[in-house]
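Working notes, structure below.
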Amino acid sequence: MFEGTLTALVTPFRDGAVDEGALRELVERQVAAGIDGLVPCGSTGESATLSHDEHQRVVEIVVEAAAGRVPVVAGTGSNNTAEAIELTCHARDAGAAAALLISPYYNKPTQPGLVAHYRAVADESGLPLLVYNIPGRTASNVLPETLAQLAEHPKIVGVKEASGNLDQMAEVIRRCPDDFAVLSGDDSLTLPLLALGGRGVISTSSNVVPREMGELVSAFRAGDETRAREIHYRLMPLFEVLFVETNPIPVKAALALLGVVGPEIRLPLLPLSEPCVPALRAVLTDLGVL
């Protein structure tokens, strides 16, 4: 279940509210492209600016729209353990297959505190959990030895690794059991992580090119490393342009250019800067998606 290419879905907005119709269409587009799973309410989904009611509704819509065709891994993280438990239990009751929890941000817990946090959510919710390690956003790095401790819990089943440190990712794979899924949190590091023994990626770029990101991972895992490298190098300009400004600013701009969702984004994020738009358009054109 926790392998291959999973899309970190954007959250479409219209007139200040969640655009439920566009969200359902986005799910259909992803499923039709053969994606392996959907991850609503992560960083790409602007979870930081969703109200609790909106957050829960987005998870419900994605589960309903997916209709069991692909697993839904709901973003339910918080720096408040009680709040994370509440969101995770809601995702469980809504029918999510698992939850993705960002490591607690701002309050900077110790490594034992991180262990206690994730174990508490796992114990209370009973839902399979993926740790989301992204120190650049949280100032809290979940170390390999900490992940090895967490992997001992039967409901903590993997990690989205976005530390950007391949040595650290390799150490996680070395220390953790074979059935603990290590997924890339950086599109550009998907292929290197697969070579180290990673299981796949939770991808931003697959909002735009779901079929191609899926093929990159599946080709490598089928033993066709040449094809995987070809796709990786073809997509490198997209990986770069989708992160010229804070995620999800560029990917939302890309989807708006494609007519998939509207351009609306919530403060404190702003639409993509005008000087960046021609480069984004050029990359999408070169890939043949625009």
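The values are calculated or read from the model by the stated rules, or taken from the named source; none is laboratory data. Bear in mind that the values here come from a model prediction, so they are computed numbers and not experimental data. All Cβ positions, glycine included, derive from the backbone under ideal geometry; neighbour counts span all protein chains shown.
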Checked the stretch 197-231 for anything buried (at least 18 other Cβ atoms within 10 Å of the Cβ) and either of a type in the set (A, V, I, L, M) or in contact with a Lys or Arg (Cβ under 6 Å, 6 or more places away or on another chain) (or both); matches are Val201, Ile202, Val208, Val209, Met213, Leu216, Val217, Ala219, Ala228, Ile231
Would you check if Leu100 is touching a Lys or Arg at 6+ places or on another chain (Cβ under 7 Å), among the hydrophobic types (A, V, I, L, M, F, W, C) and within 25 Å of Leu166 (Cα to Cα)? yes
Inside the stretch 51-79, the number of residues satisfying the requirement of being more than 15 Å from the chain's Cα centre (by Cα), among the polar types (S, T, N, Q) and buried (at least 17 other Cβ atoms within 10 Å of the Cβ) is 3
Could you go through the stretch 28-35 and let me know if any residue there is touching a Ser or Thr at 6+ places or on another chain (Cβ under 6 Å) and of a type outside the set (Ser, Thr, Tyr). yes
Would you check if Ala282 is in a helix (DSSP H, G or I) and surrounded by 14 or more Cβ atoms within 10 Å (Cβ to Cβ)? no
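Out of contact with any strand residue (DSSP E or B) (no Cβ under 9 Å at 6 or more places or on another chain), over 26 Å from Leu114 (Cα atoms) and not hydroxyl-bearing (Ser, Thr, Tyr), is that true of Gly4?
On the way: out of contact with any strand residue (DSSP E or B) (no Cβ under 9 Å at 6 or more places or on another chain): no; over 26 Å from Leu114 (Cα atoms): yes; not hydroxyl-bearing (Ser, Thr, Tyr): yes.
Answer is no for this residue.
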Hits in the stretch 144-161 - residues which are over 18 Å from Ser184 (Cβ atoms) and among the small types (Gly, Ala, Ser): Ala148
Ala32 - would you say it is surrounded by 24 or more Cβ atoms within 10 Å (Cβ to Cβ), touching a helix residue (DSSP H, G or I) at 6+ places or on another chain (Cβ under 9 Å) and at pLDDT 95 or above? no
Taking only the stretch 174-208 into account, find how many residues are of a type outside the set (D, E, K, R), in contact (Cβ under 8 Å) with a residue 60 or more places away in the chain and touching a strand residue (DSSP E or B) at 6+ places or on another chain (Cβ under 9 Å). 9
Are there any pairs with C-beta distances below 7 angstrom linking a residue in the stretch 279-290 that is farther than 11 Å from Ala254 by Cα to a residue that is assigned to a loop (DSSP other than H, G, I, E, B), with the two at least 6 apart or on different chains, and if so which? Leu287/Val209
Restricting attention to the stretch 14-61, which residues are over 22 Å from Ala253 (Cβ atoms) and of a type in the set (A, V, I, L, M)? Val31, Ala32, Val59, Ile61
When Arg211 is evaluated against the numbered criteria (1) over 25 Å from Pro40 (Cα atoms); (2) in contact (Cβ under 8 Å) with a residue 60 or more places away in the chain, which criterion, by number, is the only one it fails? (1)
Ala97 hydrophobic (A, V, I, L, M, F, W, C), out of contact with any helix residue (DSSP H, G or I) (no Cβ under 8 Å at 6 or more places or on another chain), under 17 Å from Leu6 (Cα atoms) and surrounded by fewer than 24 Cβ atoms within 10 Å (Cβ to Cβ): yes
